[in-house]
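Here the structure is laid out as structure tokens; the discussion comes afterwards.
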Amino acid sequence: MQGADRFMEARDFLLARHQDYEAAYKEFRAPDLEHFNWALDYFDKMARGNSRPALTLVDEAGSVQSPSFAEMAERSNRVANFLRKIGVRKGDRILVMLDNVLPLWEIMLASMKLGSVVIPATTLLAEGDLKDRLERGAVRHLVVASEHCAKFGSLGQGLSRVAVGGKAEKGWRSFDEAYAEPSGFAPDGPTASSDPFLLYFTSGTTAKPKLVLHTHYTYPVGHLSTMYWIGLKEGDLHFNISSPGWAKHAWSSFFAPWNAGATIFVHRTARFNAKATLQAIADHGVTTLCAPPTVWRLFIQEDLKAFPVKLRELVGAGEPLNPEVISRVEKAWGLTIRDGYGQTETTAQVGNSPGQKVKAGSMGRPLPGYRVVLLDADGKEADEGEIALALSPGRPLGLMEGYLDDPERMAEAVAGGYYRTGDVATRDAEGYLWYVGRADDVFKSSDYRISPFELESFLIEHEAVAEAAVVPSPDPLRLAVPKAYIVLRAGHKPDRETALSLFRFVRERLSPYKRIRRIEFSELPKTISGKIRRVDLRRRAAGGSRAEGEFWEEDFPELK
């Protein structure tokens, strides 16, 4: 049996057990694939003669692009030939910095066909973030939206440069050249399933983001679990509200829907508008919807009953959903939002799968391809502890290849026969998991992971700061925002002028999603050994009340 056949067998097994969790979980076997190229062996085969829309992209003006699967196979062939022509080779790393535009999907498919490695980058990245990605990611090629090319003025000298959309500046080639290339593509050779394909930068507790490496197996095949959790079927119109550059985009705006043969829906707007998005969902007949809690909280502020949606499945991921949000959606639409859990390092590990009892606030149960356990402080399996994936009898379905530039960190993560997620949960008598929090200090603001250590390291570069500790502070819309407790150096006053200087320092140098939004000048509680007791600061910040002398970013109109 060929690799593509084994993949299809595993896919069809899960699709046939759409609502039979017990059978799907117990009987699923991850396909054994020595060689596999998802784009060539699965997508192109599925797309041959397939006139159904692969994508439906709708912009604010209402214009629609809807290329078929067959057209996407051909378009990606042209792009692959173009990339090869400009020097992209197997193993080369391409930094892709695009919004939700059609070339993003074409490039993903084309890169997979070539065997090159994609480094997704959000358009929110600032110069310092980009410099780090180019250097540590060993980038050789840039594919960037034309409006963001200026960010690379002093960066990436000697790299091949491709501009998407608009007029290409000097030193950049226009992506439009790709469409003049031949529509047929022949690969240079076979693709090992263990070959690298995606390299994600993700925040952690260290000063710099971790480099998470995924292969031609871990994401294309691994997202069979995500497909199952969402409840996708052939012919669905699936909408995943997520920005490119983050792993969740590849999860549910690429692999999971196309694994099922579903159409990906994209609503392109300059700024997110809940009412306009709901109207688009209703007007275009979206059947399955995945959105982060921030979006669900915005949705329920609208009159949901006023939108005649055709939705069948609703899911949420990123952080636990408030039961009240789930209840209000259920009353309006008669549908239950099903929570799920995963990481950049994996695909969906845990979820409330279709047709099963949903417990509001629960992450759900382990998904096919993953044996999930909770480890106590002694490393023993328990009903409360760190979420971990058993590495035997087989490697977890979508577990990353490793942390690219930190083998010691990876060795620590998989010590003792388990991959440790760093998250803590409890398990009830029915096997449902309930999220508790991070084992370390990483937290989420909106749907973005924030590393306190990274922000603290940045803050102490300011001339006024002696020490800093960053913790989450409750926010009604973003769930939490970064708050900094700061000890000043001698000669600096804990006043409005100093706070303004710090907010300006942050705004000029950090990407918007990382910005510190609240500052309090305060001594830091410490252990006997001198370590900052962040647990005490988190408790103080969680109180919700504003401390005397605390400054909020919105207090400064001069920053706007």
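Points worth noting:
- Answer from PHE307, PHE272 - the residue that is of a type in the set (Phe, Trp, Tyr) and under 22 Å from the mean Cα position of the chain (by Cα): PHE272
- Cβ pairs under 9 Å, 6+ apart, first in region 531-560 and assigned by TED's automatic domain parsing to the domain that holds PHE453 and at positive phi, second of a type in the set (D, E, K, R) and surrounded by 15 or more Cβ atoms within 10 Å (Cβ to Cβ): GLY549/GLU520
- Single residue of region 267-286 satisfying the filter (at pLDDT 95 or above and in a loop (DSSP other than H, G, I, E, B)) that is farthest from TRP229 (Cα to Cα): GLY285
- Filter pass, SER446 being of a type in the set (Ser, Thr, Tyr) and more than 24 Å from GLY364 (Cβ to Cβ): no
- Filter result (under 23 Å from the mean Cα position of the chain (by Cα) and either crowded, with 18+ Cβ neighbours inside 10 Å or modelled with pLDDT of 95 or more (or both)) within region 391-417: PRO396, LEU397, GLY398, LEU399, MET400, GLU401, GLY402, TYR403, LEU404, MET410, ALA413
- Within region 156-174, the set of residues being in a strand (DSSP E or B) and in contact with a helix residue (DSSP H, G or I) (Cβ under 7 Å, 6 or more places away or on another chain) comprises VAL162, ALA163, VAL164.
- Verdict on SER545 being exposed (fewer than 13 other Cβ atoms within 10 Å of the Cβ) and hydroxyl-bearing (Ser, Thr, Tyr): yes
- Of the candidates GLU177, GLU135, the single residue that is in a helix (DSSP H, G or I) and under 25 Å from the mean Cα position of the chain (by Cα) is GLU135.
- Hits in region 476-497 (condition: surrounded by fewer than 16 Cβ atoms within 10 Å (Cβ to Cβ), more than 17 Å from LEU524 (Cα to Cα) and not basic (Lys, Arg)): PRO476, LEU477, GLY491, ASP495, GLU497
- Here HIS284 clears all of (1) touching a residue at least 40 places away in the same chain (Cβ under 8 Å); (2) within 21 Å of PRO474 (Cβ to Cβ) except the condition numbered (2).
- Within region 359-396, the set of residues being over 12 Å from ALA425 (Cα atoms), free of Cβ contacts under 8 Å to residues at least 24 places away in the same chain and of a type in the set (A, V, I, L, M) comprises just one member, ALA377.
- Just one of the listed residues (VAL79, VAL88) is more than 21 Å from the chain's Cα centre (by Cα), modelled with pLDDT of 95 or more, crowded, with 22+ Cβ neighbours inside 10 Å and part of a loop (DSSP other than H, G, I, E, B), and it is VAL88.
- For region 498-516, filtered to residues that are of a type in the set (Lys, Arg) and under 19 Å from LEU125 (Cβ atoms), the residue that is surrounded by the most Cβ atoms within 10 Å (Cβ to Cβ) is LYS514.
- The single condition among (1) out of contact with any Phe, Trp or Tyr (no Cβ under 7 Å at 6 or more places or on another chain); (2) outside any loop (DSSP other than H, G, I, E, B); (3) of a type in the set (A, V, I, L, M, F, W, C) that LEU289 does not satisfy is (1).
- Apart from one condition, HIS462 fits all of (1) of a type outside the set (A, V, I, L, M, F, W, C); (2) touching a residue at least 40 places away in the same chain (Cβ under 8 Å); (3) in a strand (DSSP E or B); the exception is (3).
- On inspection, ALA39 passes the criterion of being out of contact with any His (no Cβ under 8 Å at 6 or more places or on another chain), part of a helix (DSSP H, G or I), among the small types (Gly, Ala, Ser) and surrounded by 24 or more Cβ atoms within 10 Å (Cβ to Cβ).
- A single entry from ASP236, ASP188 fulfils the requirement of being surrounded by 16 or more Cβ atoms within 10 Å (Cβ to Cβ) and not small (Gly, Ala, Ser): ASP236.
- Which listed residue, of LEU130, LEU142, is touching a strand residue (DSSP E or B) at 6+ places or on another chain (Cβ under 7 Å) and not in a loop (DSSP other than H, G, I, E, B): LEU142
- When the residues of region 167-212 are filtered to those that are of a type in the set (A, V, I, L, M, F, W, C) and within 30 Å of ALA469 (Cα to Cα), the one that is modelled with the lowest pLDDT is ALA207.
- The residue list ALA247, ALA280 contains one member that is of a type in the set (A, V, I, L, M) and touching a His at 6+ places or on another chain (Cβ under 6 Å), which is ALA280.
- Residue ID - modelled with the highest pLDDT, chosen from residues in region 303-338 that are in contact with a strand residue (DSSP E or B) (Cβ under 6 Å, 6 or more places away or on another chain) and assigned to a helix (DSSP H, G or I): VAL329
- Candidate set from region 397-412 (those that are of a type outside the set (Asp, Glu) and touching a residue at least 60 places away in the same chain (Cβ under 8 Å)); member that is farthest from LYS210 (Cα to Cα): LEU397
- Looking only at region 532-552, and only at residues there that are assigned to a loop (DSSP other than H, G, I, E, B) and not polar (S, T, N, Q), the one that is modelled with the lowest pLDDT: GLY544
- All positions within region 6-26 that are loosely packed, with under 12 Cβ neighbours inside 10 Å and either in a helix (DSSP H, G or I) or touching a His at 6+ places or on another chain (Cβ under 8 Å) (or both): ASP12, ALA16, GLU22, LYS26
- Matching entry among SER446, SER529, SER451 (being in contact with a Ser or Thr (Cβ under 6 Å, 6 or more places away or on another chain), surrounded by fewer than 21 Cβ atoms within 10 Å (Cβ to Cβ) and at pLDDT below 90): SER446
The values are calculated or read from the model by the stated rules, or taken from the named source; none is laboratory data. Quantities reported herein were computed from a predicted structural model and do not represent experimental measurements. Methodologically, a virtual Cβ is constructed for each residue, glycine included, from the backbone with ideal geometry; neighbour enumeration extends over all protein chains shown.
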